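The values are calculated or read from the model by the stated rules, or taken from the named source; none is laboratory data. This structure is a prediction, so every number in the text was calculated from the model and none was measured. Using ideal geometry, Cβ is built from the backbone for each residue, glycine included, and neighbour counts are taken over all protein chains shown.
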Amino acid sequence: MKALLLYRDCDFDPNFLLGDRFRRSREPEWHQKLGPLDRALVQDLELDTLLQAMAGEDEFLLDVARKAILSGFENDIDTILYRQAALRDCLQNQEATVAFYNLAVTAIESAQKNSWGLSSHYPGSMLYNAVDVLGALWEKLKAVRELAYEQSGKFESSAFTTLFAMLARELDDDYLAIVATYLDDLKFHPGVLFTAELGEWNESENYILRLVRGKDRNWFQRLFGQRPPGYTFRLDERDEAGAQILGDMRQRAISRVAVALAESADHVLSFFRTLRTELAFYLGCLNLHSCLVAKVEPISFPVPHAPGERSLSFRGLYDVCLSLQMKERVVGNSAGANGKNLVVITGANQGGKSSFLRGIGLAHLMMQCGMFIGAETFEGEICPALFTHYKRKEDSTMTSGKLDEELLRMSGIADHLSPNSIVLFNESFAATNEREGSEIARQVVAALLEKGVRVFFVTHLYEFAHGFLLSNRDAIFYRPERRDDGARTFRLFEGEPLETSFGHDLYREIFENPSGEEPDQVRV
């Protein structure tokens with residue numbers, strides 16, 4: 001049995017790991033499993049905020065959400081749409097989704113109480129524990145099937161209708177009755193009946209476990225009915241050697257059945273574990289949905305396009321992680337960059353450029369793992385990889401300068417790039433003077449565009465931005481809106497880069513603001 005809630009033809013791999021182990025102080029433990037590039041992506045897009053909203057206080061939900069989101073670049077359009085349809089079902093049937101998840105959790109917990117002997121080397125222990133595990137799981141299988149029957153008319157996605165059809169087909173009443181009978185038989189209430197043959201050197205072989213005859217007869221038939229012919233012998237209570245021999249024969253007789261039953265228990269338990277894992281992703285999405293709905297933030301399902309189409313258009317896109325950190329709603333932006341390989345964002349300080357960039361990165365991550373996104377509408381192409389190159393603080397160990405460190409990180413990204421990948425730059429190569437930084441940025445971006453990589457670049461390097469304005473028709477430029485009095489609206493519009501970033505506005509805000517209050521950056 002397979003759950004098939006995240007993929008159409010295979011189960012989600014719960015052992016998915018990213019990159020090499022990399023320990024760093026004062027970071028969540030799971031960051032240790034990330035390679036440097038994935039860790040930078042989590043840091044720059046503030047992905048921990050999103051994951052915590054999905055998980056709440058549940059570490060299992062956190063682990064599944066992290067793996068599902070960061071493995072999303074492997075998904076094709078069919079998988080994305082498959083998950084979107086399933087998620088729509090979950091949003092419309094939240095109580096039923098939670099009920100399915102809780103059933104899977106309780107099934108695993110009940111099985112774990114009795115699973116200590118499944119890996120035993122003694123067939124007797126293995127058999128009895130497998131019977132106990134399957135007995136506990138049998139009740140949960142029946143409950144899952146009944147819940148699926150009750151909810152079958154409310155779910156419409158291919159993922160859930162396939163799951164419900166499988167449960168109805170594989171777990172019909174006749175099958176469940178047979179399982180219950182077999183489990184009762186394997187408790188061997190009347191004893192173990194088996195046959196064996198004498199082989200070479202009078203060694204016993206060909207052990208076959210038999211069903212005890214007459215079990216279905218009533219007490220009168222068992223007491224006065226004709227018994228099958230046979231011989232009986234009894235061991236002396238002090239015959240330890242004889243008891244050992246009979247015990248060995250009994251272990252050999254039940255060994256094949258014990259192994260088969262233990263494998264069956266593992267198979268059923270694996271189904272519940274997979275069901276729990278795949279439902280955990282949707283449960284995390286429900287938690288995030290509740291957080292955003294409570295703030296009346298817009299939510300929509302994105303429209304994915306094939307790699308290379310250079311599709312990107314959205315309305316009301318906002319930084320989900322920023323919204324989760326703020327009490328007020330976050331200002332959304334609208335843009336259209338269809339057919340553009342390069343998107344350059346310039347302009348006023350603290351005007352919303354970085355949030356705009358994070359919003360684009362988060363939208364791609366959430367789209368590719370099959371989630372809804374924070375926008376009124378969104379269309380974009382899927383990509384095989386997403387990288388971030390953000391400015392960093394000065395190296396406290398003084399082993400390298402800021403520019404050297406930036407170039408080293410860029411080299412690491414270049415080693416993993418492929419056509420149609422996306423790179424998000426935020427104030428990169430600004431650790432040197434304007435002319436040198438612009439030239440480095442120009443060469444890096446030109447090389448990326450030549451290899452078919454899509455680039456989003458937030459920068460104050462006017463010479464760099466103006467150069468691409470004059471030379472590249474596949475580039476589009478945005479800058480934050482600034483009112484005449486210097487106030488920021490945190491909305492971006494299409495516009496040519498300007499030579500000033502209006503730093504005097506910040507000076508006036510900081511040093512001439514008599515109240516000392518922070519400017520309102522997010523309120524709608």
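Please find, within the stretch 328-347, the residue that is farthest from P298 (Cα to Cα) out of those that are crowded, with 22+ Cβ neighbours inside 10 Å and of a type in the set (S, T, N, Q).
Result: T346.
When the residues of the stretch 458-473 are filtered to those that are of a type in the set (S, T, N, Q) and in a loop (DSSP other than H, G, I, E, B), which remaining residue is surrounded by the fewest Cβ atoms within 10 Å (Cβ to Cβ)?
Per the stated criteria, the residue is N472.
Hey, among L45, L50, L61, which residue is in contact with a strand residue (DSSP E or B) (Cβ under 9 Å, 6 or more places away or on another chain) and at pLDDT 90 or above?
On the way: L50 fails: in contact with a strand residue (DSSP E or B) (Cβ under 9 Å, 6 or more places away or on another chain); L61 fails: in contact with a strand residue (DSSP E or B) (Cβ under 9 Å, 6 or more places away or on another chain).
That would be L45, the only listed residue that is in contact with a strand residue (DSSP E or B) (Cβ under 9 Å, 6 or more places away or on another chain) and at pLDDT 90 or above.
Taking A465 as the residue in question, decide whether it is of a type in the set (A, V, I, L, M, F, W, C), assigned by TED's automatic domain parsing to the domain that holds D319 and modelled with pLDDT under 90. Show your work before the answer.
Values: of a type in the set (A, V, I, L, M, F, W, C): yes; assigned by TED's automatic domain parsing to the domain that holds D319: yes; modelled with pLDDT under 90: yes.
In short, yes.
Can you tell me which of R66, R88 is among the basic types (K, R), surrounded by 17 or more Cβ atoms within 10 Å (Cβ to Cβ) and assigned to a helix (DSSP H, G or I)? Before the answer, list the steps.
Values: R88 fails: surrounded by 17 or more Cβ atoms within 10 Å (Cβ to Cβ).
Going through R66, R88 in turn, just one is among the basic types (K, R), surrounded by 17 or more Cβ atoms within 10 Å (Cβ to Cβ) and assigned to a helix (DSSP H, G or I): R66.
So the check is Cβ under 9 Å with 6+ separation or different chains; which pairs have a first residue in the stretch 406-432 that's free of Cβ contacts under 8 Å to residues at least 12 places away in the same chain and a second one that's of a type in the set (S, T, N, Q) and surrounded by fewer than 21 Cβ atoms within 10 Å (Cβ to Cβ)?
Going by the 9 Å Cβ cut-off, the qualifying pairs are L408/S400.
Identify the residue in the stretch 9-42 that is aliphatic (A, V, I, L, M) and part of a loop (DSSP other than H, G, I, E, B) and, among all such residues, is modelled with the lowest pLDDT. Give the derivation first.
Keep residues of the stretch 9-42 that are aliphatic (A, V, I, L, M), which gives 17-18, 34, 37, 40-42.
Now restrict to residues that are part of a loop (DSSP other than H, G, I, E, B): 17-18, 34.
Working: L17: 46, L18: 42, L34: 57.
Across the stretch 9-42, the extreme among qualifying residues is L18.
Going by what's in this entry, would A99 be described as crowded, with 21+ Cβ neighbours inside 10 Å and either touching a Pro at 6+ places or on another chain (Cβ under 6 Å) or part of a helix (DSSP H, G or I) (or both)?
Working: crowded, with 21+ Cβ neighbours inside 10 Å: no; either touching a Pro at 6+ places or on another chain (Cβ under 6 Å) or part of a helix (DSSP H, G or I) (or both): yes.
No: the conditions fail for A99.
In the stretch 285-314, how many are more than 26 Å from K67 (Cβ to Cβ), part of a loop (DSSP other than H, G, I, E, B) and touching a Lys or Arg at 6+ places or on another chain (Cβ under 8 Å)?
So the count comes out to 3.
Just wondering, is there one or more residues in the stretch 446-456 that are touching a helix residue (DSSP H, G or I) at 6+ places or on another chain (Cβ under 7 Å), surrounded by fewer than 19 Cβ atoms within 10 Å (Cβ to Cβ) and either free of Cβ contacts under 8 Å to residues at least 12 places away in the same chain or in a helix (DSSP H, G or I) (or both)?
As a first pass, look at the stretch 446-456 and keep what is touching a helix residue (DSSP H, G or I) at 6+ places or on another chain (Cβ under 7 Å): 455-456.
The next check asks that each one be surrounded by fewer than 19 Cβ atoms within 10 Å (Cβ to Cβ); those that pass are none.
No, that holds for no residue.
Would you check if A441 is of a type in the set (G, A, S), at pLDDT 90 or above and either buried (at least 16 other Cβ atoms within 10 Å of the Cβ) or not in a helix (DSSP H, G or I) (or both)?
Details: of a type in the set (G, A, S): yes; at pLDDT 90 or above: yes; either buried (at least 16 other Cβ atoms within 10 Å of the Cβ) or not in a helix (DSSP H, G or I) (or both): yes.
The answer is yes for A441.
Does L171 satisfy the criteria of being over 30 Å from Q92 (Cβ atoms), crowded, with 18+ Cβ neighbours inside 10 Å and modelled with pLDDT under 80? Before you say what the answer is, go through the steps one by one.
Values: over 30 Å from Q92 (Cβ atoms): no; crowded, with 18+ Cβ neighbours inside 10 Å: yes; modelled with pLDDT under 80: yes.
Spelling it out, it is not the case that L171 is over 30 Å from Q92 (Cβ atoms), crowded, with 18+ Cβ neighbours inside 10 Å and modelled with pLDDT under 80.
Hey, G516 hits all of (1) modelled with pLDDT of 90 or more; (2) not in a helix (DSSP H, G or I) but one; which does it fall short on?
Condition not satisfied by G516: (1).
Checking F387 against (1) touching a residue at least 60 places away in the same chain (Cβ under 8 Å); (2) under 17 Å from the mean Cα position of the chain (by Cα), only one condition comes out false. Which one?
If we test F387 against (1) touching a residue at least 60 places away in the same chain (Cβ under 8 Å); (2) under 17 Å from the mean Cα position of the chain (by Cα), just (2) comes out false.
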